[in-house]
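Engineer: Have a look at the structure that comes next, please.
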């Protein structure tokens, strides 16, 4: 009986994780109006969107990326995803960042749940690397990453999925761009990760852990 309950629970968590990879936008892009109490924290500006439940801040622009005016959320506040894009010549680097409550899953499990859905979006998808990912300057964050090649509308494409375990909250970053701009895109993505890595979502009790 206990084993059956565990399987059911895991299936529910998996469905929760997949919600943010396949659902249509359920909220309009709005300008955050919450007061900003910490004048020393970077990237907090009047145009920021703040995910109320986790306290995670999404600036209008950051590291050369601009925030997209679509976000996906649910009524509980436990699932939130928003996108960023950065222009490079005639191409775009597209990023999706999700904040999800998945307390019962580690970063690797989270990654394995969303991987099949990501692979299904591309033709001839193939894994280049998979494994633990080290977030520079944040040894407290366990992360797992997969990097892939595939085709999108006949164009060679490059994409990756990185799951990060903060404890009460998990985060997920997916990146997608044409393969021909791979070097420039990887540099841009690292700039974005560096700009965001100072943030730590708050815990269930409203407490965060400083980096």
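Engineer: When a footprinting reagent is the concern and you count Cβ atoms within 10 Å, what order do 65, 134 take, fewest first? Don't skip to the end; give the middle numbers.
Structural biologist: Numbers: 65 22, 134 11.
Neighbour counts put them in this order, fewest first: 134, 65.
Engineer: Under the Kirkwood approximation for Rh and a Cα-based Rg, what ratio Rg/Rh is obtained for the range 108-211?
Structural biologist: On the way: Rg = 14.8 Å, Rh = 14.7 Å.
That ratio equals 1.01.
Engineer: Fewest to most neighbouring Cβ within 10 Å: what's the order for 155, 161?
Structural biologist: Working: 155 11, 161 24.
Going from least to most buried by this count: 155, 161.
Engineer: Using only the Cα atoms, work out Rg/Rh for the range 111-157, with Rh taken as the Kirkwood radius, to two decimals. Walk me through the numbers before you get to the answer.
Structural biologist: Details: Rg = 13.1 Å, Rh = 12.0 Å.
Computed over Cα atoms, the ratio is 1.09.
Engineer: Right, next: Given the C-alpha atoms of the range 48-123, compute the convex hull and give its volume per residue in Å³. List each step's numbers first, then the result.
Structural biologist: Details: hull volume 9.9 nm³, N = 76.
Taking only Cα atoms, the range 48-123 has a hull volume of 130 Å³ per residue.
Engineer: Here is a further query. Sticking with the crude label model, points 7 Å out along Cα→Cβ, report the distance from residue 106 to residue 134 in nm, one decimal please.
Structural biologist: Taking the two extended label points, one gets 1.8 nm.
Engineer: Taking the Cβ of each residue in 110, 101 as the centre, tally the other Cβ atoms inside 10 Å and list the residues starting with the fewest.
Structural biologist: On the way: 110 25, 101 19.
Ordered by Cβ neighbours within 10 Å, fewest first: 101, 110.
Throughout, read-outs are computed from the coordinates displayed, never taken from laboratory work. Given the structure is predicted, the values throughout are model-derived calculations rather than measurements. Ideal geometry is used to build each Cβ from the backbone, glycine not excepted, and the neighbour counts take in all protein chains shown.
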